[in-house]
Structures are given as structure tokens and as C-alpha cells.
Amino acid sequence: MALKPNIETRKFDVADFLTDEDTIQAYLAQIIADGDQAEFFKALGDVARARNITALAEQTGLGRENLYKVFSGKVQPRFDTVLKILTALNIEFIPALKTAHL
């Protein structure tokens with residue numbers, strides 16, 4: 001009779017892998033390139049969880065419940081709310097023109 005190995009598993013959480021600035025930047029850039037608004041806000045939530053959502057709530061002056069609503073992708077936050085979150089996460093919002101396809 002073969003023994004069953006003791007394997008512990010846990011649910012995958014992308015926030016566990018957002019450990020440095022370059023990874024966070026690449027992650028958000030890819031979400032913006034591939035996704036939609038709801039996906040972007042969910043990705044911001046991943047970054048917030050990786051960095052400490054309680055601290056983010058204190059820095060932005062927004063309640064944790066409000067942040068979770070924004071990060072759910074089900075509400076459309078005001079632009080100033082998005083800027084507060086980005087600023088607190090030390091993320092710059094820099095528009096860039098796409099290169100023309102000739």
C-alpha cells in the first residue's frame with residue numbers, strides 16, 4: 001500500500017508575488033495593455049494587499065470598505081480617488097502617446 005504524501009496547498013494570490021517595484025510596474029502595465037477598467041482596479045487591489053491595505057486606507061483617508069469596493073471592479077471611482085490611491089501606492093500616472101502604425 002502506497003503512502004499518500006502530505007501536501008499542503010493554498011489558493012494562488014498574485015499579491016504574494018508583488019514584492020518589488022519592477023514587478024508591480026510590469027504587472028500593472030500588462031493589465032492596462034490587456035484588460036479593462038475593472039481588471040485594472042482589481043490589480044490595484046492586488047498591489048494594495050501586497051503593500052498593506054490598512055496603511056493605504058490611512059494614507060488616502062479612505063475607509064477600508066471603500067477601498068475594497070473600488071478594488072472589486074464593480075464601482076466606478078472618481079478620478080481624484082484613483083489619484084489618491086496611486087499616490088499613496090507611490091505609482092505615477094503618466095500618459096504616453098501610442099506609436100503610430102503606418
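The values are calculated or read from the model by the stated rules, or taken from the named source; none is laboratory data. Predicted model, so just to flag it, every value in this text is computed and none were measured. Cβ placement follows ideal geometry from the backbone for every residue including glycine, while neighbour counts extend to all protein chains displayed. Note: areas computed on protein heavy atoms with side chains; ligands, DNA, RNA excluded. Shrake-Rupley method; radii C 1.70, N 1.55, O 1.52, S 1.80 Å.
Within the range 41-50, does at least one residue satisfy the condition of being in contact with a Pro (Cβ under 8 Å, 6 or more places away or on another chain) and part of a helix (DSSP H, G or I)?
Within the range 41-50 (the criterion being in contact with a Pro (Cβ under 8 Å, 6 or more places away or on another chain) and part of a helix (DSSP H, G or I)), the answer is yes, since at least one residue qualifies.
Only one residue in T87, T54 is in a helix (DSSP H, G or I), open to solvent by 100 Å² or more (accessible area, probe 1.4 Å) and β-branched (V, I, T), so which one is that?
T87
Considering the range 9-56 alone, what residues qualify as being under 14 Å from N90 (Cα atoms) and more than 14 Å from the chain's Cα centre (by Cα)?
Hit for the range 9-56 is A55, nothing else.
What is the residue count in the range 1-40 for residues that are loosely packed, with under 10 Cβ neighbours inside 10 Å, part of a helix (DSSP H, G or I) and of a type in the set (G, A, S)?
1
List, please: which pairs have Cβ atoms under 9 Å, are six or more places apart or on different chains, and start with a residue in the range 4-21 that is without any contact (Cβ under 8 Å) to a residue 60 or more places away in the chain and basic (K, R) and end with one that is part of a helix (DSSP H, G or I) and open to solvent by less than 100 Å² (accessible area, probe 1.4 Å)?
Pairs found: none.
Which number in (1) free of Cβ contacts under 8 Å to residues at least 24 places away in the same chain; (2) open to solvent by less than 40 Å² (accessible area, probe 1.4 Å); (3) not in a helix (DSSP H, G or I) marks the one condition that V75 misses?
Against the list (1) free of Cβ contacts under 8 Å to residues at least 24 places away in the same chain; (2) open to solvent by less than 40 Å² (accessible area, probe 1.4 Å); (3) not in a helix (DSSP H, G or I), V75 comes up short only on (2).
Could you check the range 57-72 and list, in sequence order, the residues that are open to solvent by 40 Å² or more (accessible area, probe 1.4 Å) and either closer than 23 Å to L97 by Cβ or β-branched (V, I, T) (or both)?
Correct list: empty.
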